[in-house]
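A.B. asks: Mind looking over this structure? Questions follow.
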Amino acid sequence: FWVKRAYDIREHEFNDNISTALSNVSDDFFRINKNTPPSESPIKQFDSNYYLVMVNSPIDANLLDYLLKKEFKKQNLFIDFEYGIYDCDTEVMVYGESIHNQLISSPIQQSTELPVWGEENYYFGVLFPSKTGYIINNMGTWVFTSILMLVLTGFFVYALVVILKQRRLSEIQKDFINNMT
């Protein structure tokens, strides 16, 4: 329960940081393209590790790459991620890239697997394939203390079983001696 609760808290914190970073990226796009931001949130979370962000204008891949890296670094999110840019004119993903530990990048094959947003908009999607591992790695002290507690509890239970067994054998021996006398 303790570890699960800690994981849920870290996951909620991670989601908040991602939402803040993606919101800042979309605000930067609206400001650069001189568009007015929509009244509702431009960010939709389609899965626990997949987000779509609407920007209402064509997206420059280099600018998006720079803004994503900058905002994730600002939020202290050093996690592998993949992003893809959706073009509403052709209704396909026109660009995709995978960023590993913010250091190495390699292109992704073009795909049309981005879900279709309800309206005709330009948007990009961000996927975090190693989200669970990242959160668990950030919970190092929780995992260590939990394992330590389990080991200590195991030793305590073992010692208690040995003590009870010795007590029972001592009583049997005492009864035997009393019966013999």
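The values are calculated or read from the model by the stated rules, or taken from the named source; none is laboratory data. No experiment lies behind these values; they were computed from the predicted model shown. Reconstructed Cβ throughout: ideal geometry from the backbone, glycine too, with neighbour counts over all protein chains shown. Note: accessible area is taken over every heavy atom of the protein model, side chains too, but ligands, DNA and RNA are not part of it. Shrake-Rupley method; radii C 1.70, N 1.55, O 1.52, S 1.80 Å.
A.B. asks: Say we look at the range 66-81 and pick out the residues that are of a type in the set (D, E, K, R) and in contact (Cβ under 8 Å) with a residue 40 or more places away in the chain; which of these is farthest from A21 (Cα to Cα)?
C.D. replies: The selected residue is D80.
A.B. asks: Of the residues L64, L52, L22, which single one is touching a strand residue (DSSP E or B) at 6+ places or on another chain (Cβ under 8 Å), over 19 Å from Y134 (Cβ atoms) and part of a helix (DSSP H, G or I)?
C.D. replies: From the options L64, L52, L22, the qualifying one is L64.
A.B. asks: With the structure loaded, tell me whether Y51 is modelled with pLDDT of 85 or more, open to solvent by 40 Å² or more (accessible area, probe 1.4 Å) and closer than 18 Å to A21 by Cα or whether it fails that test.
C.D. replies: No, not satisfied.
A.B. asks: Out of the residues in the range 25-46 meeting the condition of being of a type in the set (D, E) and either part of a helix (DSSP H, G or I) or touching a residue at least 12 places away in the same chain (Cβ under 8 Å) (or both), tell me which one is most open to solvent (accessible area, probe 1.4 Å). Step through it out loud before you land on a result.
C.D. replies: Here is the first cut: in the range 25-46, the ones of a type in the set (D, E) are 27-28, 40.
Now restrict to residues that are either part of a helix (DSSP H, G or I) or touching a residue at least 12 places away in the same chain (Cβ under 8 Å) (or both): 27-28.
Numbers: D27: 70, D28: 16 Å².
Top of the filtered list is D27.
A.B. asks: Right, something else. Output yes when any residue across the range 161-181 is closer than 30 Å to I9 by Cβ, without any contact (Cβ under 8 Å) to a residue 40 or more places away in the chain and either of a type in the set (K, R) or surrounded by 10 or more Cβ atoms within 10 Å (Cβ to Cβ) (or both), and no when none is.
C.D. replies: No - not one qualifying residue is present in the range 161-181.
A.B. asks: May I pose another question? Could you run through the range 67-76 and say how many residues are assigned to a loop (DSSP other than H, G, I, E, B) and hydrophobic (A, V, I, L, M, F, W, C)?
C.D. replies: Restricting attention to the range 67-76, the residues satisfying the condition of being assigned to a loop (DSSP other than H, G, I, E, B) are 75-76.
If we keep only those that are hydrophobic (A, V, I, L, M, F, W, C) as well, we get none.
Qualifying residue count, the range 67-76: 0.
A.B. asks: Quick check on my filter: what residues within the range 116-145 are open to solvent by less than 40 Å² (accessible area, probe 1.4 Å) and modelled with pLDDT under 70?
C.D. replies: W117, N121
A.B. asks: Please count how many residues of the range 1-19 are under 11 Å from M139 (Cβ atoms) and outside any helix (DSSP H, G or I).
C.D. replies: Count: 0.
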